[in-house]
Amino acid sequence: MEESIVKDSNGNILKAGDSVQVIKSLKVKGSALTIKQGTVIKNIRLTDDDEEVDCRVDGTSVVLKTCFLKKK
């Protein structure tokens, strides 16, 4: 089984458990939650899609596109 390589907006390789920072304010679909630019998200989880990561923000589980993240 070939493991996919997940990269952030700057091309850095992301691994499960990494901390990332949001580079653009994002509105979460179906929720009143807005993730502000500069928010640090700890302990990300990789998904089957190499352009998305699963994480928790303010107690809410969300899936974020890696193009809006940079490795901390």
I need a count of the residues in region 20-55 that are more than 14 Å from I5 (Cα to Cα), out of contact with any helix residue (DSSP H, G or I) (no Cβ under 9 Å at 6 or more places or on another chain) and either among the aromatic types (F, W, Y) or surrounded by fewer than 17 Cβ atoms within 10 Å (Cβ to Cβ) (or both). 18
What number of residues in region 56-72 are under 13 Å from V6 (Cβ atoms) and touching a Lys or Arg at 6+ places or on another chain (Cβ under 7 Å)? 1
What's the number of the condition K70 fails, among (1) touching a residue at least 24 places away in the same chain (Cβ under 8 Å); (2) not in a strand (DSSP E or B)? (2)
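In region 30-60, which residues are among the hydroxyl-bearing types (S, T, Y), more than 12 Å from L14 (Cβ to Cβ) and under 11 Å from the mean Cα position of the chain (by Cα)?
T39
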In the list K42, K15, which residue meets the criterion of being in contact with a Ser or Thr (Cβ under 8 Å, 6 or more places away or on another chain), within 13 Å of K70 (Cα to Cα) and not aliphatic (A, V, I, L, M)? K42
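None of the figures in this text is laboratory data; all of them are computed from the coordinates on show. Since this is a predicted model, take the numbers as computed values, not measurements. All Cβ positions, even for glycine, are placed from backbone atoms using ideal geometry, and neighbour counts span all protein chains on display.
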